[in-house]
Amino acid sequence: MEIKFMDLIKRNKRIILYLLTVVLFGVFYYFLPFAGDDWAWGSDIGIDRLKNGFDGYNGRYLGNILIILATRSVIFKVLFCALIMFLLIFILSKIFDNLSHCKGSTINYIVAFSSVLILVLPNQISFGDLQPFQIFGSTVGWLSGFTNYVVPSVLILIFYYFVTSKGYENKAVYVLLIVDGVLSCLCVEHYTLFCLLFSLGVIAYRYYHYKRICKKSLFFFLGSLIGIAVMFSNSAYRLMQKGDVSNNQRAAGFFGSLKKYADYIFPADTNSVLIIAFEIILLAVIAAFLVFFFLKSYKAFKNKNILQLLPVVCMVVMTLPLLFTNSGKEIYVVAPRCYFLQYFMLVVYLYGKFFKNKKTNDYLHDKKLKLITSVCLVLLVSVTAVCYGFLDCIGLERDKSVNAALENGNSTIEIIEYPKQIEHIQWSSNFIENETYLERYKKFKGIPEDKKVILVSNNN
C-alpha cells in the first residue's frame, strides 16, 4: 500500500506542486492585510471612482476594477491572487523548459517558484531602503501593486512564452493573444507602451530574418492597439498634456533623476564633491549597462537567437523610461514595483546563460540538485511565512484597537506601529506620517473624522 502511495505521488508530483502553490498563496493572501491605496479602493472613494468610470483619474481600468473586487471580497482576493501567482510561476517554468529543452521539469518549476520568493530576502537587509530591493513588498505583498504590476507582468509573460515557442499557430491562440494584448494594456501606463513596442519589435525581427510576419505577435499587437486606445481615451491624460498635474507627476529629466537619487541616498549636509562623484559613477554605470546589453542584444540578433535576445531587450526597454523620470517632491524616484517585470526578464536571461554550455539533462535529473532546490524553496517559504505572519498579527492587533476604541467612545485611537525590520515587506504599512493615507484608513475602517489616530511603538 505504501509503495503504491509513493508511486502515485511520483506520477502526479507536478499536480501536487501546482496544488501546493495555490494553497500556499491562498493562505498568504487570506491573511495579507490591506495597506495604503487598498484603503481608498476598499472605501467609498473606490466606488465613487468606479461610478465616474475612472474618468479624470487614470485609464488603468483592469487594475482598478480588480482592486475594488479584492478589497470587498475575501473569496475573490484569495482565489484570484493565488491563481495569478500560480500562473506566474507556471509560465516561468514553461519558459525555463524551452530554454533547457526539457519539458515538464520539476526543478524548473521549483527554480521558478524560488525566483519569486527570493525577492522577500532583500527587504530584510540593512540597505532595504534602496528601491530595487523593495520589489516584493510593493507588488506581491501589496494588493494595489499586485493588480497593477503582477497581473500585467503575467499577461506579458504569457505572450513571451507563446512567441518564443514553436507551434501554437491556431485560431484559439490568436484570439487568446488579442485578449491578452488588450488586458495587458489596462493596468499601468509604461507596461501599455511596452506591449506595443515589444510586439512590434518581434514582428520586425521575424520579418528581417525570415521575411514573414509573426502572426502571434501581430494579434497581440492588434490587442495592444485596442488596449492603448481604451486606456488613453481617459481624460486624465489630456489634462496631463495641458500641464494640469502636480509637480510630483512631471518628469524632471535625466540629470534631475541623477540628482534625486543622490539626494535620496546621502544626508542633506553631504559634501558637494562627494555628490558629484556619485552622480558621475552612477552615470558611468548606466552607460556601461546600456553598452553591455546593446552588445549582447546585437550578438543575439545576428545569431537569430530570439530566446537570448528578448529578455535583454525587455530589460532595457522597460528600464530606460524609469531612468528619465523624477517624482519631484516624493521621496521615491521610481517606485520599486516598476522593476517587477525587469527582474523576471533578468531571471530568464541568467537561466538561459547558465544552460547555454551545460548538459541540461544531467542537471535537471540530478537527485542532489532536486534536493538542494527543494530545501531552498522550503526555507524561502518559511521566511515568507514568518515575515508576513508577523505582519498579519500586527494587522489583527490594529483592528482590535480600532474596534475597542470605537466601542468605548475614545477620542484617540492608538495603533501599533510596524517595526522598522518589517515595514518594507508591505508598501505604505505605516501610514500616520501621510495625511492622505490616514484619511483613507479612517474611511476604510469606518472611523469618524473627528477621531485622532496615532501610532505607538510595538515595544510598549
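Rounded to the nearest 0.05, what FRET efficiency do residue 353 and residue 52 have when you use their Cβ-Cβ distance and R0 = 51 Å?
0.60
Could you sort the peptides 49-59, 103-113 by per-residue average Cβ neighbour count (10 Å cutoff), highest mean leading?
103-113, 49-59
Can you check what the net charge comes to around residue 142, using other residues whose Cβ is under 11 Å from the Cβ of residue 142 (Lys, Arg +1; Asp, Glu -1)?
Around residue 142, the surrounding residues sum to -1.
If we count every other residue with Cβ under 15 angstrom of residue 21's Cβ, Lys/Arg +1 and Asp/Glu -1, where does the sum land?
+3
When ranked by the protection proxy of mean other Cβ atoms within 10 Å per residue, highest first, what sequence do the peptides 160-172, 219-231 form?
In descending order of packing, they fall as 219-231, 160-172.
Pop the C-beta distance of residue 18 and residue 390 into the FRET formula with R0 = 25 Å and round what comes out to the nearest 0.05.
Once the sixth-power term is evaluated, E becomes 0.35.
Quick check on segment 137-234: what does the Kirkwood estimate of hydrodynamic radius come out to from the alpha carbon pairs, in Å?
13.7
Determine the distance separating the Cα centre of segment 372-416 from the Cα centre of segment 33-102; give it in Å without decimals.
So the two Cα centres are separated by 21 Å.
Here, each number is a calculation from the coordinates, and none is a lab measurement. Nothing here was measured: the structure is a model prediction, and the numbers come from that model. Glycine also receives a Cβ, built like all others from the backbone with ideal geometry; neighbour counts cover every protein chain displayed.
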